[in-house]
Amino acid sequence: MDAARSVGDRFRADFAFDEEAVLFNSAGVAPMSLSAEAAIVRMSQHLRRGWFELGEAFRIYEQARVSFARLTGARPEDVALMQTCAAAISQVALGLPLRPGDEIVTTDQEYPSNAYPWHVAAQRASALLRIVRSQPDLSLPTESVIAAIGPQTRVVAVSWVQFQTGAVLDLAALSRACRKVGAWLVVDAIQGLGVLPFDLRDLGVDAVCGGTHKWLCGPLGQGLLALAPGRAAELMPLLHGAMTYGSPDDAVDPERPPRPDARRFEPGSPPLLTAAAGAAAVERLLSLGIDNVHRAALAISDRLITGLATRGARLLLPVGSALRSPIVTFVPRGNLDATCARLTARKVAFARRAGGIRLAPHAFNSADDVERFFAIFDAA
């Protein structure tokens, strides 16, 4: 019976929504799924019993690593469970052995968490930060980023999906350009994981960073770092503890090297609650099929685009990518502040971006959500 229901209906059943709310901000903070909430409760019950159930708690934690590996196309041993996406980005940016004169290629549309770590890394290493500028309409063709890659490029650090307009970069093309000069491709994928299909090895990405509170519908405070095979050993851990080198039962040996796999980036007590919750949310999405989730979210996005166009809104729609994000950013014909105030007062979740309004519908949204949105939007 479950298979006969639409992906949207099956996904929506995993949430406890306020029926008056219209949740169009999954690119900001999405609602946490019931699957994730239940996983927190189960993990809490194990921890309530303390020492006697730590084995089971750690087994669930390691299974979470497997779930995040399935999501990203990485091997489990190449996945580190981090506090946040920003922590994962910082680990790569500040763990890479950069040298004076190395170049870091990035763009002018990066979210601050994928900008500051690279500025700091460039300053520390006396490296050059080469920033690719967007077009006046905020378009950012992949070709522009490729054109900035040269013999001195050590790393290309970009967002897969741009947070303002939803533009999607061609990671496979970027990877080919990086390979020609031996550069790392480091991707902030938080705006796409869970709603767009992704495979680290197929795309040729060296490091992918993400978090569970957006399209994955997991908790705030759970990040992930997934690496291509062999890349973990090339990064120096920023934080150090017993787990960086082995286990708490190992004798201290100052000559001992860090673990060779991604667990070298997890220095102490693991984030058991958020990891379990994030993995449960991931498994629910994987059970639906990310391709199916993508199509369902785009169907809602298309309804919004059509309705906004008929109302004379100026749409900031990216073009030229083989993949589309569900994000819809627009500038209304009327007063922007008044429109935002009206939407907020009537429980519409959105974000102000690019001088306008960003809507980010997910597969759990419905045609009824779109109708409620336009009823509020039109009530000037």
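Across the range 285-326, the number of residues qualifying as under 29 Å from ARG65 (Cβ atoms) and either touching an Asp or Glu at 6+ places or on another chain (Cβ under 6 Å) or not basic (Lys, Arg) (or both) comes to 15.
None of LEU238, LEU220 is assigned to a loop (DSSP other than H, G, I, E, B) and in contact with a Gly (Cβ under 7 Å, 6 or more places away or on another chain) except LEU238.
Listed here are the residues, each with its yes/no results for (1) crowded, with 24+ Cβ neighbours inside 10 Å; (2) among the basic types (Lys, Arg).
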{"residue": "ALA207", "(1), (2)": "yes, no"}
{"residue": "LEU216", "(1), (2)": "yes, no"}
{"residue": "ARG231", "(1), (2)": "no, yes"}
{"residue": "MET236", "(1), (2)": "no, no"}
{"residue": "GLY241", "(1), (2)": "no, no"}
{"residue": "ASP249", "(1), (2)": "no, no"}
{"residue": "ARG256", "(1), (2)": "no, yes"}
{"residue": "ARG259", "(1), (2)": "no, yes"}
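The condition of being without any contact (Cβ under 8 Å) to a residue 12 or more places away in the chain, out of contact with any Ser or Thr (no Cβ under 6 Å at 6 or more places or on another chain) and either assigned by TED's automatic domain parsing to the domain that holds PHE58 or of a type outside the set (Lys, Arg) (or both) holds for only one of ASP291, ASP337, ASP369, that being ASP337. Looking at the range 18-31 only, could you name the residues that are over 16 Å from ALA281 (Cα atoms), surrounded by fewer than 18 Cβ atoms within 10 Å (Cβ to Cβ) and at pLDDT 95 or above? Within the range 18-31, ALA21, GLY28 qualify.
Of all the criteria given as (1) of a type outside the set (Gly, Ala, Ser); (2) within 13 Å of ARG284 (Cα to Cα); (3) touching a residue at least 40 places away in the same chain (Cβ under 8 Å), the one not satisfied by LEU34 is (3).
Of all the residues that make up the range 177-224, how many are in contact with a strand residue (DSSP E or B) (Cβ under 9 Å, 6 or more places away or on another chain), touching a residue at least 60 places away in the same chain (Cβ under 8 Å) and of a type outside the set (A, V, I, L, M, F, W, C)? Of the residues in that region, 12 qualify. Of the conditions (1) more than 22 Å from HIS213 (Cβ to Cβ); (2) surrounded by fewer than 17 Cβ atoms within 10 Å (Cβ to Cβ), ASP78 clears all except one; give me its number. Answer for ASP78: the failing condition is (2).
Taking (1) assigned by TED's automatic domain parsing to the domain that holds VAL7; (2) over 26 Å from LEU138 (Cβ atoms) in turn, SER301 satisfies each apart from (2). Scanning the range 246-264 for residues that are closer than 29 Å to ALA74 by Cα, in a loop (DSSP other than H, G, I, E, B) and small (Gly, Ala, Ser) yields GLY246, SER247. Flag set for SER269, criterion: closer than 30 Å to ASP14 by Cβ and over 21 Å from the mean Cα position of the chain (by Cα). ASP78 - would you say it is of a type outside the set (A, V, I, L, M, F, W, C), touching a strand residue (DSSP E or B) at 6+ places or on another chain (Cβ under 9 Å) and in contact (Cβ under 8 Å) with a residue 60 or more places away in the chain? Against the criterion (of a type outside the set (A, V, I, L, M, F, W, C), touching a strand residue (DSSP E or B) at 6+ places or on another chain (Cβ under 9 Å) and in contact (Cβ under 8 Å) with a residue 60 or more places away in the chain), ASP78 qualifies.
Of everything in the range 268-284 that is in contact with a Pro (Cβ under 7 Å, 6 or more places away or on another chain) and of a type outside the set (A, V, I, L, M, F, W, C), the residue that is nearest to SER67 (Cα to Cα) is GLY278. For the range 87-126, the set of residues classified as among the small types (Gly, Ala, Ser) and touching a Cys at 6+ places or on another chain (Cβ under 8 Å) consists of ALA88, SER113, listed by residue number.
The values are calculated or read from the model by the stated rules, or taken from the named source; none is laboratory data. Computed from a predicted structure; not experimentally measured. Cβ sites come from the backbone with ideal geometry, for glycine too, and all protein chains shown count toward neighbours.
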